[in-house]
Amino acid sequence: MTKPDISPIDLANALTPHWMRDIRDFDALEIAPCRIVGHDSRGNEIVEPCDDAPEEAAFWTVYGHFRTGGVDAFEDFASEAEAVAFHDRLIATYPHLADRDG
């Protein structure tokens, strides 16, 4: 059996989270509890942050803040503790992501 012709770059890109390839575009992180509020016509979940009622969270999301404005969801976690641990590892690895507001 022969291996398919996949370049090492393509393989690395396939295994690398989208946000990691563009980490320089972010300047801060945020953690938010999220709840599922419904489903669209294709069956995809409709999700919204629930900062006002974290006990309703189905999961916790770590977001990156774009330098130009807006956010992108990095990863979802079952608990706040897991999200905080991931957040802290990212800050240790990418110090430029330290929260802008403290």
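Using unit Cβ charges (K, R positive; D, E negative) and no other charged atoms, how large, in debye to the nearest 20, is the dipole of the chain about its Cα centre?
Details: 8 positive and 21 negative charges, 112 e Å.
So the dipole magnitude of the chain works out to roughly 540 debye.
Out of residues 5 or more away from CYS50 or on other chains, whose amide H comes under 5 Å of its own, with H placed 1.01 Å from N in the peptide plane?
Counting only residues 5 or more places away or on other chains, the set is CYS34, ARG35.
Which residue fluctuates most in the GNM of the chain (Cα springs below 10 Å): PRO49, PRO33, PRO17?
In this elastic network of the chain, the residue with the biggest mean-square fluctuation among PRO49, PRO33, PRO17 is PRO17.
Compare the peptides 82-88, 56-62 by average per-residue count of other Cβ atoms within 10 angstrom and give them in order, highest first.
Details: 82-88: 16.4, 56-62: 18.1.
Ranked from most to least packed, the peptides come out as 56-62, 82-88.
How much length would be gained if the chain were fully extended between GLU82 and ILE46, taking 0.36 nm per residue of separation minus their Cα-Cα distance, in nm to one decimal?
10.7 nm
For the chain, take the longest principal axis of its alpha carbons; what is the angle in degrees between that and the long axis of helix 80-93, to the nearest 10 within 0 to 90?
The angle comes out near 50 degrees.
When ranked by the protection proxy of mean other Cβ atoms within 10 Å per residue, highest first, what sequence do the peptides 18-25, 71-78, 37-44 form? Mind showing how you got there, number by number?
Working: 18-25: 12.5, 71-78: 15.4, 37-44: 8.0.
Top to bottom by mean Cβ count within 10 Å: 71-78, 18-25, 37-44.
Over all distinct alpha-carbon pairs, what is the Kirkwood Rh of segment 1-83 in angstrom? Let's see the in-between values first.
Working: mean 1/r = 0.0665 Å⁻¹.
About 15.0 Å, per the Kirkwood formula over Cα pairs.
Pairs of Cα atoms under 8 Å, at least six residues apart: use those to get the relative contact order of the chain, whole percent.
Working: 143 pairs, mean separation 26.8, N = 102.
The value is 26 percent.
How large is the Rg to Rh ratio of segment 7-53 when both quantities use alpha carbon positions and Rh follows Kirkwood? Numbers along the way, then the final one.
Values: Rg = 16.0 Å, Rh = 13.9 Å.
Value, to two decimals: 1.15.
Each reported figure results from applying straightforward, stated rules to the coordinates on display, with no laboratory input. Treat the numbers as computed from the prediction; the structure is a model and nothing was measured. Because the Cβ atoms are built from the backbone with ideal geometry, glycine has one as well, and the counts that use them run over all protein chains shown.
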